[in-house]
Each structure stands twice: as C-alpha cells, then as structure tokens.
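Heads up: the structure comes next, in structure tokens.
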Amino acid sequence: MEYTEEQLEQVEKLASIYMKISDIALIIEVNEDDLRSDIAAQITDVSLRYRRGKALSKVQIRSQEMALAKVGSPLALENANKNLLDMEDDE
C-alpha cells in the first residue's frame, strides 16, 4: 500500500507515543490489516517510520533512566544493567 508523506509522519509520531496499530490505522484512515501487514514486512517506508518512532521514544526513556541510575536509583540501575546486557546480546 502507498502512504502519503503526511501519513508516514503521523505513523512515526503516533508510534513514538506507543499508540496501537489499530488506533494508528483509524487516525490515518487506512485498513488496519493492511497497515499491520506493511509494518510487519519491515522493508516498507511505513514500517521504518513506525519502528523509528518507537526507537526515538526509547532513547528518551532510557536517557531519563540512565540519569536516575547515575544518582543511585536501584530500579534504574537494574534496568540500565538489563539494557546493557540486551545491547551486548544484539552486537
């Protein structure tokens, strides 16, 4: 399916606030199954924008968590360690 630049921008924005695919489809006025399939394909522009939106929010959350870990938050330290292990597993 072809998406307009405006739809792609909305997908990225909505994914960045963790909206469900069904809600995104409703907002950008496309068929939910088509959107879900295109996102799952991982080679489409819409998949890239969806995953990018999520990743950019993860950056913000992990930055905040790292700041808390640096001041000694036990939960943030535990999460930072888990994130590091996940990162190393992905290398």
Show the residue pairs meeting these rules: Cβ distance below 6 Å; 6+ apart or different chains; first residue within the stretch 50-61 and of a type in the set (D, E, K, R); second residue in a helix (DSSP H, G or I).
52/12; 54/15
Name the one entry in 23, 38, 34, 86 that is surrounded by 14 or more Cβ atoms within 10 Å (Cβ to Cβ) and among the charged types (D, E, K, R).
38
Quick count over the stretch 1-11, residues being outside any helix (DSSP H, G or I) and either within 30 Å of residue 84 (Cα to Cα) or open to solvent by less than 40 Å² (accessible area, probe 1.4 Å) (or both), is 1
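The values are calculated or read from the model by the stated rules, or taken from the named source; none is laboratory data. In this text, all values refer to a predicted model and were calculated from it rather than measured experimentally. Because the Cβ atoms are built from the backbone with ideal geometry, glycine has one as well, and the counts that use them run over all protein chains shown. Surface accessibility is based on the protein's heavy atoms, side chains included, excluding ligands, DNA and RNA. Shrake-Rupley method; radii C 1.70, N 1.55, O 1.52, S 1.80 Å.
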